[in-house]
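First the structure, in the form of C-alpha cells, and then the observations on it.
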Amino acid sequence: QLITLKNLIKFFGVLKGLNMFLLRYVNRKEYYNIIIRELENDFSDYLISINNKVNKLPLNRIGDSSCNIWVLWYQGLENAPQVVKDNVRRLNKLTQDTKYKVRFLNKDNILNYLALPDYINEKVKKGQITLTHLSDIIRAGLLSKYGGIWLDSTCYVKKNNFDLITKYHFYTQKYKPGASTFFNEGKWSGFFMASGQENPLEVYLYNIFLIYWKKYNVLIDYFLIDVFLEIGYRKIPKVKKIIDQVPYNNP
C-alpha cells in the first residue's frame, strides 16, 4: 500500500495522488477508468500509429510458427521455490517427445531470445522496474517476436492439451461476463497467454510497454499489463476482435 501511494503521488502529484489512492479503495472501477483515460490521452498519437500498423499484420495461428512454452524465473531454477521447480519438471515431462519445447528463461539466457532496450535494463537495475513488471515486458516481447505459449512459472498444468489451442490466433484464460469483478471483467489473464508470431495484440502490448517505460520512471499501477490490454481493447478494433474470438474457458 505504501509503494502504491508513493507511486501515485510521483505520477499525479501530491493532491491528485492522494485522491487516487483513496479512490482505489472506495471505487476501484472509477480508479481504473481514470488511469485508463490518463494513459489513453498520454499515448493517443501512439494508439493511432499502432492501429494503422496492426491492421497490416497477418493473423498467424499459435501453432504455425512456434510451439515454444515460455516460462521465466529470473533468478534461475536453482533459486526458485519448490512449486516452480515442480511445475517446470512436470511441463518437461508432459511435453517430452512432442512438438512442444519448454523454454525456461532466467537473467542469464533472456538475451538469447530478446534484446531489451538499454533504458529498460537500466531501470531494472535501479529498481524502477520490478522483476514482476519486467516479466510483463518480456512475455509481450517473446510472443510478439516468436509466438508460442506463455505460462507463469507458478501455473500448474494438469495434462498436455496444448493442441486444443493451436488453432487460435490468440488464447488466454477468459471468464464469462459477470464472473469477475476485476476491471477487465476477466476477458484475459496475463499469467497465461498464447499467440501466433507478430500477433497484433502482442505487437501493440510490447511496444506500449517500451514507450511507457521510456517516458516514465514510476509504475502507475501494479496491473499495468491489464490497463494496457484494456486500452487496446477499447481503442484498437483488431485487438478487440482478437480478444472477443477467445472462447470462455478454465473458469
Inset, instruction - Looking only at the range 26-33, decide whether some residue is open to solvent by less than 90 Å² (accessible area, probe 1.4 Å) and within 23 Å of Gln128 (Cβ to Cβ). - result: yes
Inset, instruction - Can you tell me which residue within the range 211-237, out of those that are of a type outside the set (A, V, I, L, M, F, W, C) and surrounded by fewer than 18 Cβ atoms within 10 Å (Cβ to Cβ), is nearest to the chain's Cα centre (by Cα)? - result: Tyr222
Inset, instruction - Please work out which one of (1) closer than 27 Å to Val246 by Cβ; (2) surrounded by 15 or more Cβ atoms within 10 Å (Cβ to Cβ) is the condition Asn55 fails and give its number. - result: (2)
Legend entry - Residues within the range 171-181 that are in a loop (DSSP other than H, G, I, E, B) and open to solvent by less than 60 Å² (accessible area, probe 1.4 Å), tallied: 2
Inset, instruction - Please work out if Asn52 is closer than 30 Å to Gly148 by Cα, without any contact (Cβ under 8 Å) to a residue 12 or more places away in the chain and in a helix (DSSP H, G or I). - result: yes
Inset, instruction - Test Pro247 against the stated conditions and say whether it is in contact (Cβ under 8 Å) with a residue 40 or more places away in the chain, farther than 26 Å from Phe43 by Cα and either among the small types (Gly, Ala, Ser) or part of a loop (DSSP other than H, G, I, E, B) (or both). - result: yes
Inset, instruction - Tally the residues that are under 22 Å from Ile225 (Cβ atoms) and open to solvent by 80 Å² or more (accessible area, probe 1.4 Å), restricting the search to the range 34-52. - result: 4
Inset, instruction - Mind counting the residues in the range 147-202 that are closer than 12 Å to Arg61 by Cβ and aliphatic (A, V, I, L, M)? - result: 2
Inset, instruction - Report, by residue number, each residue of the range 182-210 that is among the acidic types (Asp, Glu) and either open to solvent by less than 60 Å² (accessible area, probe 1.4 Å) or closer than 26 Å to Leu91 by Cα (or both). - result: Glu198, Glu202
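Here is a yes/no grid of residues against (1) farther than 23 Å from Asn207 by Cα; (2) modelled with pLDDT of 95 or more; (3) of a type in the set (A, V, I, L, M):
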residue: Gly17; (1), (2), (3): yes, yes, no
residue: Met20; (1), (2), (3): yes, yes, yes
residue: Leu23; (1), (2), (3): yes, yes, yes
residue: Asn27; (1), (2), (3): yes, yes, no
residue: Tyr31; (1), (2), (3): yes, yes, no
residue: Ile34; (1), (2), (3): no, yes, yes
residue: Leu39; (1), (2), (3): no, yes, yes
residue: Asp42; (1), (2), (3): no, yes, no
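The values are calculated or read from the model by the stated rules, or taken from the named source; none is laboratory data. From a predicted model like this one, the values you see are computed outputs, not experimental measurements. Quick reminder, even Gly has a Cβ in these numbers, built from the backbone with ideal geometry, and neighbours come from all protein chains shown. The accessibility values were calculated without ligands, DNA or RNA, using every heavy atom of the protein model including side chains. Shrake-Rupley method; radii C 1.70, N 1.55, O 1.52, S 1.80 Å.
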